[in-house]
Amino acid sequence: MDSLSQERHVLRKNPSREKCQQVIRRILMTETLERGKNEHFKSATDFLGYFESLYPASPSLTKQIQRAVKAMDLPKDEDGFFIINKTKEQINQEEEIARLLSVANAKGKSLKEMTPVFISMEEAYAPGIMKLISQSVSFKDKYEVMVQTHEGILFYTDNEEQLRYVLDSVMPDNNDN
């Protein structure tokens, strides 16, 4: 076989399944980086144009691409497009989180507009005090966030005056507020 016929033979040879997977992964990563998400590739046939520009079209090339896509076991979004940057497990976890957030009527709220209020105390008492405060009618609607810290309890409120009034009414020493 002369070098020209060897070269033609190499050009005609289909890529390995692993090579197809690498190329598909690169295509999907580029698509995701450029557009934010994949908006073009739903099935193995969507990759054919790219591969056919490099290799002669043939049923064996199509089968090799199909095998590569199947082996990659890529998850799909709600519109049926492949997702390259998440596993099926991540997708399932995110769907479960979204479902539970929906059931809980969760809403995001910025702390930027809120005022932090901190009460200092011995750390061992914070959990019990937080439980009582969370059950108290007096504290209802006075804070948005209550978090135990190393040295006490931190509140975030959009009504600092009312929160401080209720805290002052139950605190033994009002001088350090």
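The values are calculated or read from the model by the stated rules, or taken from the named source; none is laboratory data. In this text, all values refer to a predicted model and were calculated from it rather than measured experimentally. With ideal geometry, Cβ positions are generated from the backbone for all residues, glycine too; neighbour counts draw on all protein chains shown. Calculation scope for accessible area: heavy atoms of the full protein, side chains included, ligands and nucleic acids excluded. Shrake-Rupley method; radii C 1.70, N 1.55, O 1.52, S 1.80 Å.
Checking each residue in the range 144-159 for being in a loop (DSSP other than H, G, I, E, B) and within 32 Å of the chain's Cα centre (by Cα) picks out Glu144, His150, Asp158. From the list Lys76, Lys88, Lys109, the one residue that fits, being at pLDDT below 95, over 27 Å from Leu33 (Cβ atoms) and open to solvent by 60 Å² or more (accessible area, probe 1.4 Å), is Lys109. Only residues that are under 12 Å from Met114 (Cβ atoms) and loosely packed, with under 14 Cβ neighbours inside 10 Å were counted in the range 145-163, giving 1.
Per-residue answers, yes or no, for (1) within 30 Å of Glu96 (Cβ to Cβ); (2) assigned to a strand (DSSP E or B):
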residue	(1), (2)
Ala106	yes, no
Lys112	yes, no
Phe118	no, yes
Ala126	no, no
Leu132	no, no
Lys142	no, no
Leu163	no, no
Asp168	no, no
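Here Pro116 meets the list (1) in contact with a strand residue (DSSP E or B) (Cβ under 6 Å, 6 or more places away or on another chain); (2) open to solvent by less than 40 Å² (accessible area, probe 1.4 Å); (3) not acidic (Asp, Glu) almost entirely, failing just condition (2). At pLDDT 95 or above, under 33 Å from the mean Cα position of the chain (by Cα), of a type in the set (A, V, I, L, M) and not in a helix (DSSP H, G or I): does that describe Val137? So Val137 does not fit the description; no. The number of residues in the range 42-57 that are in contact with a Phe, Trp or Tyr (Cβ under 9 Å, 6 or more places away or on another chain), within 14 Å of Phe81 (Cβ to Cβ) and open to solvent by 30 Å² or more (accessible area, probe 1.4 Å) comes to 3. Scan the range 119-141 for residues that are under 16 Å from Ser169 (Cβ atoms) and open to solvent by less than 40 Å² (accessible area, probe 1.4 Å) and the total you get is 4. Taking the range 49-63 as the range and being of a type outside the set (S, T, N, Q) and either in a helix (DSSP H, G or I) or within 12 Å of Val23 (Cβ to Cβ) (or both) as the test, the residues that pass are Gly49, Tyr50, Phe51, Glu52, Leu54, Tyr55, Pro59, Leu61, Lys63.
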